[in-house]
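What follows draws every value from the coordinates through simple rules; no lab data is involved. From a predicted model like this one, the values you see are computed outputs, not experimental measurements. Heads up, the Cβs are rebuilt from the backbone with ideal geometry, glycines too, and the neighbour counts pull from every protein chain shown.
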Amino acid sequence: MTQKVDKIYLVGFMGAGKSSVAQCLEAKTKWSALDIDALTVERMGSPIAPFFKKYGEAHFRQMERGALLSILDVRHVVVATGGGAFIGVENSHLMLCDGLVVWLDVPLPVISRRLEHERDIRPLARDEVAMAAFYEKRRSFYEKAHVRIDATKSPEDVANRIQRVWLNCL
Ligand code: S3P
């Protein structure tokens, strides 16, 4: 990242707090928060779980990439991404070139606790064993982010730390 930071992408596993932290950062940056999951749902015209069931993950990823591409021109925004959006060279490269990418890192046991009552809306969180496997696999992608933040604390605390990083980039 050599250019001026006018966009922040929050990446990380399901349950890392990306959407909540993006909301907290709205006030701190005076930018707007965008949510790739919400934009994808809008484009699909369906919630994620039934779409996954009917059309499969590959089709969901196409819609998710469409949502990502649709906001490329938008500046002064904090973008909460879905847990799989940064996985894959094309998407990760796109985000790394477009803004400051911040990885919200949370240990798996904390993630599991946070997702306990949300497994119905997250199709990839239903099988705990499979989830542990792709948690490990995905870390090698998340590690490409410009910044890693320990996101075990509250969204407000995480947002404060990201704000300090952002202020240093101005
Ligand atoms: C996914 C994470 C979800 C959502 C979809 C797939 C993933 O977003 O995009 O269920 O592959 O990790 P959150 O990270 O907001 O839960």
- Message: Using Cβ contacts closer than 10 Å as the measure, can you line up Val78, Val89, Val101, Val110 from fewest to most?
- Response: Val89, Val110, Val101, Val78
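Around Arg139, under 15 Å between beta carbons, what's the net of Lys plus Arg minus Asp minus Glu among the other residues?
Result for the local shell: 0.
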- Query: For the chain, how many pairs of lysine residues have a Cα-Cα distance under 20 Å, where the two are 8 or more positions apart or belong to different chains?
  - Reply: 13
- Query: Roughly how big is segment 49-170's charge dipole about its Cα centre, with Cβ charges of +1 (Lys, Arg) and -1 (Asp, Glu), in debye to the nearest 20?
  - Reply: 60
- Message: Name the residue from Ile87, Leu115, Ala49 whose Cα lies farthest towards the positive end of the charge dipole of segment 7-169, charges +1 on Cβ of Lys and Arg and -1 on Cβ of Asp and Glu.
- Response: Ile87
- Message: Considering all alpha-carbon pairs of segment 7-169, what whole percent are spaced by more than 21 angstrom?
- Response: 43
- Expected vector for segment 80-91, Karplus 3J(HN,Hα) from phi with 6.51, -1.76, 1.60 and θ = phi - 60°, integer Hz, x for Gly and Pro, equals 8, 9, x, x, x, 5, 8, 8, x, 4, 4, 5
- Message: So if each residue of separation counts as 0.36 nm, and I subtract the Cα-Cα distance between Glu128 and Asp73, what length gain in nm does that give?
- Response: 16.1 nm
- Message: Ignoring everything except DSSP H segments at least 4 long, calculate the 222 nm mean residue ellipticity for the chain; use -39,500 (n - 2.57) per segment, divide by total residues, nearest 500.
- Response: -16500 deg cm²/dmol
- Mind giving me the FRET efficiency for Ser140 and Ala38? R0 is 35 Å, r the Cβ-Cβ distance, nearest 0.05 is fine. 0.80
- Note on the structure: Of all GluC sites (Glu not before Pro) in segment 96-170, the ones in DSSP coil with at most 14 other Cβ atoms within 10 Å are Glu116, Glu118, Glu143
